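Report on the structure given below.
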Amino acid sequence: MKKVERINVIMRYINNRAHFTISEIMREFDISRSTAMRDIREIESMGMPLVSEVGRDGGYFVMHNSVLPEVRFTDNEVKALFIAFMATRNLQLPYLKSRQSLTEKLLSLISEHQQDTLVLLNQILLFEGTNPHNPDILDLSDLPHPMLDKLIQTLLLDRYLSVTIEEEKGKQTYPIYLLQLYREKSHWHIEGFHLDNERKQILSVDQLTDVEPYPNKKRTSEQEILDKLKKQEDVINLVIELGPGAIAQFKKYHPKKVSISYTNPYHSTAVLKTFINVNKPEEVKEMTNWLMFLGEDIKIRQIPEKVLDVMKGRIGLLWP
């Protein structure tokens, strides 16, 4: 741990304790007595009001009604925060209003020179999804679905949820254990374990009309759910090898359930193994389109016949 990082951590460590000793600091951070003493003196010089106590049980304590010194950012840290905010504009993210207040506080903390640097960055950097005619960092366009905030607040308290979804046949309520909340193709989705039919299910947050903690006290435990999901894992029926060009395409877009394993230290070759449900025409169509999107830099080692037939048909239409 670097010195600056260690001192910041020590400051928070001692600020949360009524009393501490040099020996405790030495054990907690695995440093020598001389290093611990130097760090404490430096923390005192930064303005933290420490009071020392002499005697056998002596040590230090922080004066009451005192706070940590104000946070200071380096130039690179300010740029990193600003660019991170810029890169997430127009992405339908939750807590956009909090992001706006954070940005305003960040700007108020930095010098005029740093502010001028950020203005210049805002003018020359353009990210995917950013409106070039209105690239204001405080722009709150493309707000996420209004239920997203409630969903996140609820699942932070309880991952066993009762969700209500608007469907063609009307509103349907499902009891689920939330596995993941993820964003794909500019939309948010819930991946959950359906507690009634005991199957994995994908639900769109755009269809969500209500979410509440699941009231049933007789719940399937998390470990039981994971065990059931493991037993339900589908047999792999698609295996392909990817070259550099296909890997580049994969990084641009890939279905959520698909991942690759690199086969050399330079990440220039990889292998992909997954399952395609050939009984679902939409999944076959989607995966066929995606495999063709990967391009010619792939070697197919295993593929379902139905998918291969669809691919051959597509190629036949392109080159009769």
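Counting only residues that are more than 20 Å from F73 (Cα to Cα) and charged (D, E, K, R), which one in the range 1-38 is surrounded by the most Cβ atoms within 10 Å (Cβ to Cβ)? Checked the range 1-38; the qualifying residue surrounded by the most Cβ atoms within 10 Å (Cβ to Cβ) is E24. The residues of the range 238-252 that are within 18 Å of Q302 (Cβ to Cβ) and either within 23 Å of the chain's Cα centre (by Cα) or modelled with pLDDT under 90 (or both) amount to a single one, F250. Residues in the range 216-225 that are under 20 Å from L156 (Cβ atoms), at pLDDT 80 or above and surrounded by 10 or more Cβ atoms within 10 Å (Cβ to Cβ): R219, E222, I225. Restricting attention to the range 39-51, the residues that are among the aliphatic types (A, V, I, L, M) and surrounded by 14 or more Cβ atoms within 10 Å (Cβ to Cβ) add up to 4. Residues in the range 25-60 that are assigned to a helix (DSSP H, G or I) and either in contact with a helix residue (DSSP H, G or I) (Cβ under 7 Å, 6 or more places away or on another chain) or in contact (Cβ under 8 Å) with a residue 12 or more places away in the chain (or both): 11 in all.
Can you tell me which residues in the range 146-181 are assigned to a strand (DSSP E or B) and farther than 22 Å from T220 by Cβ? Talk me through it step by step, then tell me what you get.
Restricting attention to the range 146-181, the residues satisfying the condition of being assigned to a strand (DSSP E or B) are 160-167, 170-181.
Result: E166, E167, G170, K171.
Residues that are β-branched (V, I, T), surrounded by 13 or more Cβ atoms within 10 Å (Cβ to Cβ) and at pLDDT 90 or above do occur in the range 270-280, at least one of them. Select from the range 53-72 the residues that are small (G, A, S), at pLDDT below 75 and surrounded by 11 or more Cβ atoms within 10 Å (Cβ to Cβ) and write down the one among them that is farthest from L109 (Cα to Cα). This residue is G58.
Only residues that are in contact with a Leu (Cβ under 8 Å, 6 or more places away or on another chain) and over 13 Å from F73 (Cα atoms) were counted across the range 100-125, and they come to 4.
Would you check if K150 is modelled with pLDDT of 85 or more and among the charged types (D, E, K, R)? So K150 fits the description; yes. From the list L140, L161, L179, the one residue that fits, being among the aliphatic types (A, V, I, L, M) and at pLDDT below 85, is L140.
Looking across the range 170-214 at every residue that is out of contact with any Pro (no Cβ under 9 Å at 6 or more places or on another chain), among the charged types (D, E, K, R) and loosely packed, with under 13 Cβ neighbours inside 10 Å, the one that is nearest to L156 (Cα to Cα) is identified as R199. Screening V239 with (1) surrounded by 14 or more Cβ atoms within 10 Å (Cβ to Cβ); (2) within 24 Å of Q201 (Cβ to Cβ) gives one miss only, at (2).
Condition check: out of contact with any His (no Cβ under 7 Å at 6 or more places or on another chain), touching a residue at least 12 places away in the same chain (Cβ under 8 Å), exposed (fewer than 13 other Cβ atoms within 10 Å of the Cβ) and not acidic (D, E). Does Q232 satisfy that?
yes
If you go through the range 245-285, how many residues are among the hydroxyl-bearing types (S, T, Y) and either assigned to a loop (DSSP other than H, G, I, E, B) or touching a Pro at 6+ places or on another chain (Cβ under 7 Å) (or both)? Residues that pass the stated criteria total 6. Apart from one condition, P255 fits all of (1) within 24 Å of H194 (Cα to Cα); (2) modelled with pLDDT of 85 or more; (3) outside the structural domain of T173 (by TED's automatic domain parsing); the exception is (2).
The values are calculated or read from the model by the stated rules, or taken from the named source; none is laboratory data. On a predicted model such as this, the values are computed, not experimentally measured, just so you know. Note that each Cβ is placed from the backbone with ideal geometry, even for glycine, and that neighbours are counted across all protein chains shown.
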